[in-house]
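Q: Got a structure for you, written out below as structure tokens; questions coming shortly.
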Amino acid sequence: MILLLLNTQKFLVIKWAGMKKQEKLDVDVRFLLANERTLLAWIRTALTMQAGGVALAHFVSDSLLGFATGVSAVIAGAVIAVIGYRRFRAADKAIRAGRLPHLDKGPAFEVALIVMIAVVLALAQVQDMF
């Protein structure tokens, strides 16, 4: 059993049950930088979705379904950016507290949005064929 305690020096103290030795850990800056890189990846994904949505809405403006899908992709990009920022803040707090961040449904929601937009685009393509 492992007990995690935060002492007054803001170091993480790990106590193994049955052992008397304590080990002090400092918050490693590499974890904070990795968290920032992950935020940048979320933002990059959001901007890509928004750029694709603008292009789709512009080039397929004659089809209502294509235009609506483009606008949906722009909105999905905004939602992905918000999800990424919320995950960044949660991970930052967890890293500084010396614990793991809570799991959430953000990535699953992002995948569901992208799959939904892909299905609508495929349906629009099939509709144009007939």
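The values are calculated or read from the model by the stated rules, or taken from the named source; none is laboratory data. The structure presented is a predicted model; accordingly, all values stated were derived computationally and were not measured. When we count neighbours, we look across all protein chains shown, and the Cβ atoms used for this are built from the backbone with ideal geometry, even at glycine.
Q: If you go through segment 79-125 one residue at a time, how many are free of Cβ contacts under 8 Å to residues at least 40 places away in the same chain and within 12 Å of the chain's Cα centre (by Cα)?
A: Going through segment 79-125 one residue at a time, the tally reaches 15.
Q: Follow-up. Determine if segment 90-97 includes at least one residue that is in contact with a His (Cβ under 7 Å, 6 or more places away or on another chain) and surrounded by 14 or more Cβ atoms within 10 Å (Cβ to Cβ).
A: yes
Q: State the number of residues belonging to segment 40-71 that are more than 18 Å from Asp128 (Cβ to Cβ) and without any contact (Cβ under 8 Å) to a residue 60 or more places away in the chain. Quick ask: steps written out before the conclusion?
A: Residues of segment 40-71 that are more than 18 Å from Asp128 (Cβ to Cβ), as a first pass: 40-54, 71.
From what is left, the residues that are without any contact (Cβ under 8 Å) to a residue 60 or more places away in the chain are 40-44, 46-48, 50-54, 71.
So the count comes out to 14.
Q: Would you mention how many residues in segment 42-92 are of a type in the set (Asp, Glu) and either closer than 18 Å to Gly106 by Cβ or in contact with an Asp or Glu (Cβ under 6 Å, 6 or more places away or on another chain) (or both)? Can you show your working first?
A: At the first step, the residues of segment 42-92 found to be of a type in the set (Asp, Glu) are 62, 92.
Subset that is either closer than 18 Å to Gly106 by Cβ or in contact with an Asp or Glu (Cβ under 6 Å, 6 or more places away or on another chain) (or both): 92.
Counting residues in segment 42-92 that are of a type in the set (Asp, Glu) and either closer than 18 Å to Gly106 by Cβ or in contact with an Asp or Glu (Cβ under 6 Å, 6 or more places away or on another chain) (or both) gives 1.
Q: A further question follows. Can you name the residue in segment 12-41 that is β-branched (Val, Ile, Thr), out of contact with any Asp or Glu (no Cβ under 9 Å at 6 or more places or on another chain) and surrounded by 12 or more Cβ atoms within 10 Å (Cβ to Cβ) and, of all such residues, is modelled with the highest pLDDT? Working first, answer last.
A: Initial filter on segment 12-41 (β-branched (Val, Ile, Thr)): 13-14, 27, 29, 38.
Restricting the remaining residues to those that are out of contact with any Asp or Glu (no Cβ under 9 Å at 6 or more places or on another chain) gives 27, 29, 38.
Among the residues that remain, those that are also surrounded by 12 or more Cβ atoms within 10 Å (Cβ to Cβ) are: 27, 38.
Numbers: Val27: 74, Thr38: 95.
The selected residue is Thr38.
The rows are residues; the columns are (1) touching a Phe, Trp or Tyr at 6+ places or on another chain (Cβ under 9 Å); (2) modelled with pLDDT of 90 or more; (3) over 30 Å from Asn35 (Cα atoms).
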site	(1), (2), (3)
Phe67	no, no, yes
Ala76	no, yes, no
Arg89	no, yes, no
Arg96	no, no, no
His102	no, no, no
Ala112	no, yes, no
Val115	no, yes, no
Ala118	no, no, no
